Every structure is written in C-alpha cells, then in structure tokens.
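Worksheet for the structure shown next.
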Amino acid sequence: MIGFFQTAAVAVSDKGYSGSGGLLGAGIGAGLAAIGAGIGIGRIGGSAAEAIARQPAAVADIRGTAIVLSAFIEGAALF
C-alpha cells in the first residue's frame, strides 16, 4: 500500500505538480468520505429492515424515511 502511494507521488511530481501531497491527500479524503457514506447508508438499511420486521404495517413510512435519510447522507458525501 505504501509503495502505491509512493509511486503515485512520484508520478504526480514528474508532471511538475508542486502540490502532489495535496492531491494525494484530497484523494484519500474523498475515499474516506465514500467509505463513511457507505457505512452510514448500510446502517440505515439495516435499521429499516429491522423496523419493518418489527412493524410490518408501517412499511411505507419506514421506507420513505430511510430513502430521505439515505439521500441526505449521499448529498453530504458528494459535497
């Protein structure tokens, strides 16, 4: 893994970018944001499935709430 980052840093620095560390940090930050969003949406889906199993009559309300919450997390992850 470290070798990959070193190779990426050398490849970027060969192109004349002086802020190659900043580009690498931005890529790592974007990756961590995507991982966090995936974990959050997974937890919402799991909780929604559990709630539907407990109260099958409330499927529409639970599903709608889960979709809205997932959209909020996606929006936060993209920006």
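The values are calculated or read from the model by the stated rules, or taken from the named source; none is laboratory data. Quick caveat: nothing in here was measured; it's all calculated off a predicted structure. Here Cβ is always computed from backbone atoms with ideal geometry, including for glycine, and neighbour counts include all displayed protein chains.
The single residue among Glu50, Glu74 that is modelled with pLDDT of 95 or more and farther than 30 Å from Thr7 by Cβ turns out to be Glu50. Take Ser13 and tell me if it is at pLDDT below 90, polar (S, T, N, Q) and either surrounded by 11 or more Cβ atoms within 10 Å (Cβ to Cβ) or part of a helix (DSSP H, G or I) (or both). Yes; evaluated as a whole, the condition is true for this residue.
Whenever a residue of region 39-68 is free of Cβ contacts under 8 Å to residues at least 60 places away in the same chain, its partners that are surrounded by 16 or more Cβ atoms within 10 Å (Cβ to Cβ) and hydroxyl-bearing (Ser, Thr, Tyr), lying with C-beta atoms within less than 8 angstrom and at least six residues away or across chains, give the pairs Ile41/Ser70; Ile44/Ser70; Gly45/Ser70.
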